[in-house]
Amino acid sequence: MKHSLRASALLSVLAFTSIPATAAEWTSGYGMGTTEYTVTDESGNELYIACPGSDGEYVHAYAKIHGQSYSSKNDPGFNVILDGTEYGNPFDTMCRICGQAFPSFWEHLRTAQTLQISQDGQTVTLPTTGINVLKPLNHPENTCQSAW
């Protein structure tokens, strides 16, 4: 009985002390045919990038800025600021010029030292820690593709 009480007490202590703090860094995953990249800060601001692997589907992204959600699929989308350079709704690749600009934006995103997202006069800074999970566009594991 004493051993089971000690074991229960030890497990309770471990349960409460071994919960890791979530670091604000980039993560990647794969689900339902889509490669997903996400970064969230301590305040819940977020950038989520979806790269569908199916033909006829293209890269798109969602941002959460101070609780407000934005999608690159809906006007006006949201802006991304990389190292001080602002890109207007860069995940909307449905126009020829937009699609042509996407590869250079993606390469800049992969190497950015600073990352901000903005819309409606609000700008937040997101972490770049772990941003190297973003693969180059020509990498075989990268399913991100522009519409053009």
| request: Can you tell me which residue among Tyr37, Tyr62, Tyr30 is modelled with pLDDT under 95, closer than 23 Å to Pro103 by Cα and not in a loop (DSSP other than H, G, I, E, B)? | output: Tyr30
| Scanning segment 65-74 for residues that are without any contact (Cβ under 8 Å) to a residue 24 or more places away in the chain and in a strand (DSSP E or B), which turns out nearest to Thr125 (Cα to Cα)? | Ser69
| task | May I ask you to verify whether Ser146 is among the hydroxyl-bearing types (Ser, Thr, Tyr) and without any contact (Cβ under 8 Å) to a residue 60 or more places away in the chain? | result | no
| remark: Subset of segment 75-101, residues part of a loop (DSSP other than H, G, I, E, B) and closer than 11 Å to Ala147 by Cβ, comes to Phe91, Asp92, Thr93, Met94, Cys95
| field | Cβ pairs under 7 Å, 6+ apart, first in segment 121-136 and closer than 14 Å to Thr111 by Cα, second in a loop (DSSP other than H, G, I, E, B) and among the β-branched types (Val, Ile, Thr) | value | Thr128/Thr114
| remark: Taking segment 44-58 and keeping only residues that are over 12 Å from the mean Cα position of the chain (by Cα) and either buried (at least 19 other Cβ atoms within 10 Å of the Cβ) or among the acidic types (Asp, Glu) (or both), one is left with Asp55, Glu57, Tyr58
| note | Given (1) surrounded by fewer than 13 Cβ atoms within 10 Å (Cβ to Cβ); (2) charged (D, E, K, R); (3) touching a strand residue (DSSP E or B) at 6+ places or on another chain (Cβ under 9 Å); (4) closer than 24 Å to Met32 by Cβ, Asp92 misses just (1)
| said: Here is a check on your reading of the model: is Thr85 within 22 Å of Gly29 (Cβ to Cβ), out of contact with any strand residue (DSSP E or B) (no Cβ under 8 Å at 6 or more places or on another chain), polar (S, T, N, Q) and surrounded by fewer than 13 Cβ atoms within 10 Å (Cβ to Cβ)? | reply: no
| query | So which residues in segment 111-144 are more than 12 Å from the chain's Cα centre (by Cα) and under 12 Å from His66 (Cα atoms)? | reply | Ser118, Gln119, Asp120, Gly121, Gln122, Thr123, Val124, Thr125
| field | Among residues of segment 40-59, those that are in a strand (DSSP E or B), among the aliphatic types (A, V, I, L, M) and more than 20 Å from Gly121 (Cα to Cα), counted | value | 2
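The values are calculated or read from the model by the stated rules, or taken from the named source; none is laboratory data. Note that the structure is a prediction, hence the values are computed from the model and not measured. Ideal geometry is used to build each Cβ from the backbone, glycine not excepted, and the neighbour counts take in all protein chains shown.
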